[in-house]
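Novice: Could you have a look at this structure, given as C-alpha cells, before my questions?
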Amino acid sequence: MLEYRLWKGNEQYEAIYHFDRIDYEQVFSRRECEFFVKEGITYKQVSSAKEEEMFIIYVEIFEEAAPEEIDLSGKGSMKLEIREYNPLRDHPVMESLYLDNHMQVLGYIGSTFTYFHGKEWKRDSAEIDEDRMVYALYVTATGLDTYT
C-alpha cells in the first residue's frame, strides 16, 4: 500500500491519495520522484516513510495549474521524458523513452548521470505526472562530450 499525505504545517498531515494494490517497483519509482502531479496540482516530496505494511510519501503543494491531457503516445508502455532543466524554455523534451516496467524507469530516474545526444547530463529531479501518465527526468548538461 502507498499513501500520499499533504503536509499542513505544525506536524499535521492529511491523507490525499491512497493506492491499495501497488507493487514495490512502482512504490520505489514514486519515492525517487521529487514531484508528483495529480489533478493539476504539482506536489513536492518532503519525505517518505514506511509504517508497518504501508509506504508513505509526504508532500507539500508546489504549484497549481489546469490539468493537462493524457499523453496517449505512451499507451501500452511507461513513457519517460528526458527533459532539459531549463525553466526559461519550459523544460524542453530531449528524448522520450517507452519502457516496459518500473525497474527500467527507476534505472534512469535513480541515476545521477545519463547520456543522450553524445553528452553527459546530470540529474536534477524527477516527477510522476499522473495527469499525463508519464514520468519525467530533468537533467542539466555537465559539459562532457561523450563522442571524444
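Any read-out appearing in this document is the output of simple, stated calculations on the displayed coordinates, not a laboratory observation. The structure presented is a predicted model; accordingly, all values stated were derived computationally and were not measured. Methodologically, a virtual Cβ is constructed for each residue, glycine included, from the backbone with ideal geometry; neighbour enumeration extends over all protein chains shown.
Novice: Let me check I've understood the local charge: for Pro87, count other residues with C-beta under 13 angstrom from its C-beta, Lys and Arg +1, Asp and Glu -1. What total comes out? Could you put the intermediate results ahead of the total?
Specialist: Values: positive: Arg83, Arg89; negative: Glu63, Glu84, Asp90, Asp124.
Combined, the nearby Lys, Arg, Asp and Glu give -2.
Novice: Taking only pairs that are 8 or more places apart or on different chains, how many Lys pairs in the chain have Cα atoms under 21 angstrom apart?
Specialist: 8
Novice: Arrange the following residues from fewest to most other Cβ atoms within 10 Å of their Cβ: Glu60, Glu120, Glu3, Glu53. Kindly include the intermediate steps, with their values, before the conclusion.
Specialist: Numbers: Glu60 12, Glu120 15, Glu3 18, Glu53 6.
Ranked by crowding around the Cβ, least crowded first: Glu53, Glu60, Glu120, Glu3.
Novice: Semi-axes, largest first, in whole Å: what does sqrt of 5 times each Cα gyration tensor eigenvalue give for the chain?
Specialist: Each semi-axis is √(5λ); the values are 27, 17, 16 Å.
Novice: I would also like to ask the following. How large is the dipole of the chain about the Cα centre if only Lys and Arg carry +1 and Asp and Glu carry -1, each at its Cβ, rounded to the nearest 20 debye?
Specialist: 360
Novice: Further question: Taking Rh as the Kirkwood radius, which is the inverse of the mean 1/r over Cα pairs, what is the Rg/Rh value for the range 25-85?
Specialist: 1.00
Novice: Normalised by the number of residues in the range 1-146, what is the relative contact order in percent for Cα pairs under 8 Å and 6+ residues apart?
Specialist: RCO, the range 1-146: 23 percent.
Novice: Same structure again: Summing Lys, Arg as +1 and Asp, Glu as -1, what charge do residues with Cβ under 13 Å from the Cβ of Thr140 carry, Thr140 excluded?
Specialist: +2
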